[in-house]
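Read through the structure below, which is laid out as structure tokens, and then see the notes.
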């Protein structure tokens, strides 16, 4: 941590800050610059987080040097982590494809999709049973009924199941029926839910919040990990910007950025990332080319009849083409699907 | 709802859309333009929300004409609503001042603050017992212990109590001890919590999410109201933009905008809105001048020692000056404090 | 400037950075922290701006401590500046009102408006002769013809004239006819135009760019000032955010922020800031309450027939009400109009 | 265009709008909905652009159906355009690589780079002679001297030259020495410069503005084209968002979006798009995978000594690896480099 004093700070003010820091057992380095004095603070700044040094007399600004997260960062865990889910591994050489409808609507829809996806080489089936919808008047999901249908699809196809939790209750239900739980963008800073997910023993897909910086996203993962659950997969799904042509702006550069900052696997969701099915295939290619460990895409047997997110869902033909494209890009990067 | 066909849409495609809409009992008006055909749809579009018309052959875009919320909008409820909380009324002629520390730290801190605020004319005491912090290593609040201290402050001063819920459990606890519950920015789209708040009978302060449009904010209020709780106060607290000098960008224009779109009261939180105590007074003046029904500000007897949000908290002297300023501005607008 | 080394930086790498800095005559302070070494650099970092220290072996990040601007900052010019334009002064106790139509359309429109504004107590007449329009098919302004009409209005009413330059040529023309030139938001980083304005001897209103941080805005002012023109008035006019209800999000907090960072006067343009005439009066009140030195508003005798920006223009009745409101708010702050 | 009336609009108000539109020779279709009346307007809305219908009595909102640009859109020009520059073609099957230093610094630096790039298969050499820098104290470029060095590099290597214009004067100079001119992000809405570029006969690379929507970007291209210059290449270079880890957020999805909306070629600049050299290669792969017609990257023989943008420049080794990667991705998409 570096404390920047005001240009007109007095010697007494500088000494005051020094004294406080020493009393808290921090090392202190004072540099008198041509225009300002800056004070380097040595020690774990996390212990200082609650002390508003900005308010001390003569202090202009406090500049944080260390990232606030520890467990999820590469600094103390340089090797990449792979997460095991059932027979699958995420974050290793093999790129994972998770696909399925936005919402589980009925047995026929889901099983048709699951069989098709299995055939195409996907290994995870996604489907929402509890849906976070911006309007209370929109379809909210089949809840436990939906989870049962997902479990049935697993039984038949062997696909692993991932579904979204929106509350402690739905998290418990998902733990009963699915293999992996998703925390959605709108709940990325629902710290209560993060802690609950941290106490469960399910692998967690943590989506990036609509307006979350990479640092906040990693802090959210730290919440889960600090409760003891180390099985976290990060998922870029688009951030909110001023552009209105796409539903969100998919931040492809967050993929290699997160790979640099954290040891956790990172996947991409181009369906929510763009909101337009025509962009899903080019953006899936882009995500894999940028280094993603997998993709999460919405596929529906008949998007025109989907109860939610139809405009961003791929039909079976488009998904077949997508798989072909990304298999070849994976190959270029020395990976496989 | 208006459906915009592609320039090259065929007669068959147009007829297809028309047929579908009629089968769903919608009225249809077709306008053949110089470049494109547009189809006006008559009926309640909320019934069509689940049908992805964008995917029909020949359709370019679907333009929504009606706002998705109903209960919170002025269209069907033109008069402004006032919310009664204990002996106070929010949204009427009197502007409310809610103040207190970010977090309840101990009895001494809170009671000192409460007595001072009472003296100054504030009517609500705010204080966090459950704190949503972006890092798991930051102070998370005193929980029930904090609520008990708040209740004690009410007993002694008569101030009404408002505190933030971060989960169904904390909501229940707050209902036991406080007069009003706050849903914070990070939980604005925690729909589960909104529904729980809608089922409680406490007045709710609903803060705007960091990246929520005004429409999404009103939709979130609609969630609460659709469960039967009509006592909602909206609170602007800054949105996330590219500017880094302030913690958030306080969208003062959302105040008169919400007043136009909704009948609900709206207040402003300049402490979180700016993140800098020096900006709190000018931005409180601005909020009242723009038509806010109240302000929610962080006040601490000694901000330098606050366990959270010190840099944005006012000390007692600054708060005294603030009250003087806003009283006079309220007067100009024919209101009082 | 502070250089943050990587956790695993070697002694040789640290010595390498130290040696380079010393060779450039900078003072160096090395602090070995618990996790990382940081290096404080003493001297004028502006001389280092071109040396990408981030690329040196072992360096993680470079943190800039000093603001990049000098002439416009308060650090070396603590007293507020007032700018004289004709008989008027901007930035002093008196709040200035600049008003007029978005575009000069014809003599009748402009003179009617000018006479009305004079009567109401405005001191500056604004009117666009060169219009930066996002589509080439929109009305582009009357050019020199428009300036002549403005000059005529000054002759008749005594109002001072401000008009926008969009190129070196229009800047020259405006210098012939007007009292003050405006650099618009879209040209805030048209550095060539800033330099030309810096070489002219006209007072300049510098609008904040749509996506400009406060620091970039002050840097743009520094461009003008570094060419010798010290007569600059900053103007907040809304920034681009994800919100679509308003045309832009007017950042009211930038007003007191700029007042703290710079000695220059700052005014606000609530017409462009919101894009909706109904919001112009509440946001004018908010701007004055937040400490603005003036406002710039669009007024049109008949907004329904305006050739540009009609939806955000006030008619005469609304402007009369606005003046009444802001006069009273000015009074509260010990200022006058 | 569709006019949405207020819920409480009277018959007279509806008739008033109808009458006005008919007087302007527009076709009118009135749909009386369950809650509101909407009025479809038939005819070229561009003629109505100046009439603020929003202000008519009873009107709530005006919804624009047609995009405001014409020449650059695919609606009237469905086939993709290829632009010829010297012996090269942009937008065809071959993907172009434009590379070089941010700024031309001296003959040695530029010729070393040019020879290397030629060898690697790049076809365009980029180098700034006029630099738009956010601070007036930063290196501003060698100006004509720099252009002469670029011309010399072309003579020796046969690479085509692209350089940025920042003013009408620099545009003229570039026309003398280079093959293609670039309009930078900060000048994307410098309409005067766009018009000058439209009157020149040089191919133009038009970078997307920092806060420009895709529609505004295409409108800026329309400015150039409406002056008669049809040789435009669009370039995505990152937009401004709240994320601070990267310099900008590169909007990869704008590449396939623009390909859908416009017939013009589109390339990507991952150097400015990310601001970090480590991200340039993964983001170049992503851009090509998403369908870009080329990339524009900063390469420097020794980034540590670059006078500008060192942290985002590739050295020769990294560029060699990048070329290898994108050649293989191009192959997958049936293209070549």
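No value in this document is a laboratory result; all are computed from the given coordinates. Because the structure is predicted, anything quoted here is derived from the model rather than measured. Here the Cβ positions follow ideal geometry from the backbone for every residue, glycine too, while neighbour counts run over all protein chains shown.
Suppose a student asked you for the relative contact order of region B:2-63, using Cα pairs under 8 Å spaced at least 6 residues apart; what percent would you report?
With pairs under 8 Å counted, the relative contact order is 49 percent.
Beta carbons within 10 angstrom, averaged per residue: use that to sort the peptides A:135-146, D:53-64, A:199-210, C:76-87, highest first.
Sorting A:135-146, D:53-64, A:199-210, C:76-87 by mean packing, highest first, produces A:199-210, A:135-146, D:53-64, C:76-87.
How far is it, in nm, from the label point at residue C:143 to the one at residue C:19 when both lie 7 Å from their Cα along the line to the Cβ?
6.2
Between 0 and 90 degrees, rounded to the nearest ten: what's the tilt of helix D:11-23 against the longest Cα principal axis of chain D?
Roughly 60 degrees, rounded to the nearest 10.
Looking at chain C, send over the antiparallel percent of its DSSP beta bridges, to the nearest 5.
Values: 18 of 46 bridges.
DSSP beta bridges in chain C are roughly 40 percent antiparallel.
Run the helix sum for the protein assembly as shown: -39,500 (n - 2.57) per DSSP H stretch of 4+ residues, divided by residue count, reported at 222 nm to the nearest 500 deg cm²/dmol.
Mean residue ellipticity at 222 nm (helix-derived): -10500 deg cm²/dmol.
Using only C-alpha positions, report the orientation-averaged shadow area of the convex hull of chain B, nm², one decimal. Can you show the working numbers first?
Working: hull surface 78.3 nm².
Orientation-averaged projected area of the Cα hull: 19.6 nm².
At residue D:201, with labels set 7 Å past Cα in the Cβ direction, how many nm apart are the copies from this one, shortest first?
Residue D:201 label point versus its equivalents elsewhere: 4.4, 7.7, 8.4 nm.
Run through the other copies and list how far each one's label point is from that of residue B:176, in nm with one decimal, shortest first; the point sits 7 Å from Cα along Cα-Cβ.
Label-point distances to the other copies, shortest first: 2.8, 8.1, 8.3 nm.
Report, as an integer, the average count of C-beta atoms from other chains found within 10 Å of each Cβ along B:210-219.
What the average comes to for B:210-219 is 5.
Distance from the Cα centre of region D:257-318 to that of region C:59-112, in angstrom?
If we compute the Cα centre of each part, the gap is 37 Å.
Which residue of chain B is nearest the rotation axis onto chain A, counting by its Cβ, and what is the distance in whole Å?
Checking which Cβ lies nearest the axis yields B:211, 2.
Bin all alpha-carbon pair distances of region A:85-144 at 5 Å intervals from 0 and give each bin's fraction as a whole percent.
Final binned percentages: 4, 17, 22, 19, 17, 12, 6, 3, 0.
With viscosity set to 0.692 mPa s at 37 °C, what whole-number translational diffusion coefficient in µm²/s follows for region C:2-63 from Stokes-Einstein and a Kirkwood radius over Cα pairs?
Translational diffusion coefficient: 286 µm²/s.
Using a 10 Å cut-off around each Cβ, can you sort D:263, C:169 from fewest to most neighbouring Cβ atoms? Please report the intermediate quantities before stating the final value.
Numbers: D:263 19, C:169 14.
Fewest-to-most ranking of D:263, C:169: C:169, D:263.
Starting from a label point 7 Å past Cα on the Cβ side, list the distances from residue D:244 to the same position in the other copies, nm, shortest first.
Going from nearest to farthest copy, the values are 0.4, 2.9, 3.0 nm.
Please work out the Kirkwood hydrodynamic radius for region B:1-154, using every pair of different C-alpha atoms, and report it in angstroms with one decimal place.
Final number for the Kirkwood radius of region B:1-154 is 20.9 Å.
Could you compute how fast the protein assembly as shown diffuses translationally, taking Rh as the Kirkwood radius over C-alpha pairs and applying Stokes-Einstein at 37 °C with viscosity 0.692 mPa s? Give it in µm² per second.
Diffusion coefficient, whole number: 101 µm²/s.
Under the definition of partner shielding as Cβ atoms of other protein chains within 10 Å of a residue Cβ, what is the mean value for peptide C:231-244?
Counting other chains' Cβ atoms within 10 Å and averaging over C:231-244 gives 5.
Using only Cα atoms, find the angle between the long axis of helix A:316-332 and the longest principal axis of chain A, and express it within 0 to 90 degrees, rounded to the nearest 10.
Roughly 50 degrees, rounded to the nearest 10.
When B:245, B:69 are ordered from fewest to most other Cβ atoms inside 10 Å of their Cβ, what list results? Provide the component values of the computation, followed by the final result.
Details: B:245 19, B:69 26.
With the fewest neighbours first, B:245, B:69 line up as B:245, B:69.
Please report the antiparallel percentage of the DSSP beta bridges confined to the protein assembly as shown, to the nearest 5. Kindly include the intermediate steps, with their values, before the conclusion.
Details: 72 of 184 bridges.
The antiparallel fraction comes to roughly 40 percent.
Counting only C-alpha contacts under 8 Å and six or more residues apart, can you give the relative contact order of region D:1-139 as a whole percent?
Taking the mean separation of contacting Cα pairs over the length of region D:1-139, I get 20 percent.
Calculate the mean, over all residues of peptide D:64-72, of how many other protein chain Cβ atoms lie within 10 angstrom of the residue's Cβ.
Counting Cβ atoms of other protein chains within 10 Å of each residue's Cβ and averaging gives 4.
Output the Cα-based Rg and Dmax of region C:148-269 in Å, rounding Rg to one decimal and Dmax to a whole number.
14.6, 44
Using a Gaussian network model on chain A with a 10 Å cutoff between Cα atoms, which of A:13, A:164, A:156 fluctuates the most?
Comparing A:13, A:164, A:156 in a Gaussian network model of chain A, the most mobile one is A:13.
Quick one: of the DSSP bridges fully inside region B:2-63, what percent are antiparallel, nearest 5?
Numbers: 13 of 13 bridges.
Given both bridge residues lie in region B:2-63, the antiparallel proportion sits at roughly 100 percent.
Got the relative contact order for chain D handy, in percent, Cα pairs under 8 Å and 6 or more residues apart? The partial results should precede the final answer.
Working: 694 pairs, mean separation 52.6, N = 337.
Result for chain D is 16 percent.
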